[in-house]
Amino acid sequence: MPLLCFASPKGGVGKTTLAANVADALRRSGRRVLAIDTDPQNTLRLHFGVPLSDSAGFMADLPKRPDWRMAVRQTASGVLLLTHGAMELRGALGLNAALERDPELLAAPLRAMLADPGLLVIADTPPGPSHALAIMAPMAALVVTILQAEAISAALIPDIDSGRFLGSGTMAALYAGRLRVVLNEVDLASRLSRAAADAVARHLGPRLLGAVTRDETLAEALASQRLVMDLAPESRASEDIREIAQAIEAALPSAPDATFPLAGWGAR
Ligand SMILES: Nc1ncnc2c1ncn2[C@@H]1O[C@H](COP(=O)(O)OP(=O)(O)OP(=O)(O)O)[C@@H](O)[C@H]1O
Ligand SMILES: [Mg+2]
């Protein structure tokens, strides 16, 4: 049922890496998980072992209104996957225009996915604002925003606070309540990284779900097209990702103490 959107105002901060590996961690803890790639970079699939040459995808076909059930791939991890599909510039611009004209192209299949009570849907999004994020944010139980533990993150805090990065005015205020943050690439050996992490943690309080260390095993896992818990289950990164998955479980509306009066608001 719940939708988690992995997003960030900034590119290259670890959205795709964390979306894939958190999906795997939640699957390992017993959830049925569907991961959907809404970024034309089409890279989420690489974490799940889909060959580079396999360029077919669900999002690329959206204007033809494909049946998402037929497009779902079963991956070795057990996570179900909807790839984006490879697109040239013209195709990507065309898809953007189609989503702007007709948001139901994506909203309708997503509603069908979310109607399955046992399914947790994790969406990877392109960096910054996108039509896909604008369509999904109102349906999301949580928007998991990735920030790097570096100086620039402090400058992004006002955007996170106001929810501005998800829209403006009342819409931003509505989404802001569902916004959670994960700090990525924390380097405990770096004074600056530690200071940035401390500042962000103090400011965000309970909106901070957790932090992931800078750990090359995450990049190595991607290079070998595997998930980090498969490649290096005892690594620091694996440990951090398991903790993030637990924090997400605790923050989801189905958890006993969590109250999310607005969850699913836009989907009705
Ligand atoms: N905690 C980490 N430690 C070390 N390397 C990391 C970590 N997180 C991500 N990386 C590496 O950083 C690079 C960017 O990660 P990723 O592609 O997940 O970012 P992204 O936010 O999805 O980028 P984009 O905005 O282009 O979609 C990758 O090479 C990835 O392996
Ligand atoms: Mg990405």
Can you find a residue in region 95-106 that is in contact with an Asp or Glu (Cβ under 6 Å, 6 or more places away or on another chain) and in contact (Cβ under 8 Å) with a residue 60 or more places away in the chain?
no
Please work out if residue 120 is at pLDDT 95 or above, part of a strand (DSSP E or B), away from ligand 1 (no atom under 16 Å from the Cβ) and not small (Gly, Ala, Ser).
yes
Is it the case that some residue within region 119-129 is surrounded by fewer than 21 Cβ atoms within 10 Å (Cβ to Cβ), out of contact with any helix residue (DSSP H, G or I) (no Cβ under 6 Å at 6 or more places or on another chain) and free of Cβ contacts under 8 Å to residues at least 12 places away in the same chain?
no
Tell me yes or no: at least one residue of region 212-229 is of a type in the set (Asp, Glu) and closer than 22 Å to residue 142 by Cβ.
no
Can you name every residue in region 123-148 that is within 16 Å of ligand 2 (Cβ to nearest atom) and in contact with a strand residue (DSSP E or B) (Cβ under 8 Å, 6 or more places away or on another chain)?
123, 124, 125, 132, 133, 136, 143, 144, 145, 146, 147, 148
Being under 30 Å from residue 77 (Cα atoms), within 16 Å of ligand 1 (Cβ to nearest atom) and touching a residue at least 12 places away in the same chain (Cβ under 8 Å) is the requirement here; does residue 212 meet it?
yes
Index of the failed condition, residue 200 passing every other in (1) closer than 20 Å to residue 42 by Cα; (2) of a type in the set (A, V, I, L, M); (3) away from ligand 2 (no atom under 16 Å from the Cβ); (4) surrounded by 15 or more Cβ atoms within 10 Å (Cβ to Cβ)
(1)
Where in region 145-228 are there helices (runs of 4 or more DSSP H), lying fully within it, with 3 or more residues that are at pLDDT 95 or above and farther than 18 Å from residue 124 by Cα?
216-223
Output the qualifying pairs, or none if there are none: Cβ atoms under 6 angstrom, residues six or more apart or on different chains, first residue in region 69-82 and in contact (Cβ under 8 Å) with a residue 24 or more places away in the chain and closer than 15 Å to residue 25 by Cβ, second residue crowded, with 18+ Cβ neighbours inside 10 Å and of a type in the set (Val, Ile, Thr).
79/33
Scan region 13-42 for residues that are farther than 19 Å from residue 73 by Cβ, more than 13 Å from the chain's Cα centre (by Cα) and near ligand 1 (Cβ under 9 Å from one of its atoms) and jot them down.
none
With the structure loaded, tell me whether residue 10 is within 19 Å of residue 148 (Cβ to Cβ) and modelled with pLDDT under 95 or whether it fails that test.
yes
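The values are calculated or read from the model by the stated rules, or taken from the named source; none is laboratory data. All figures in this text were calculated on a predicted structure; none of them were measured in a lab. Because the Cβ atoms are built from the backbone with ideal geometry, glycine has one as well, and the counts that use them run over all protein chains shown.
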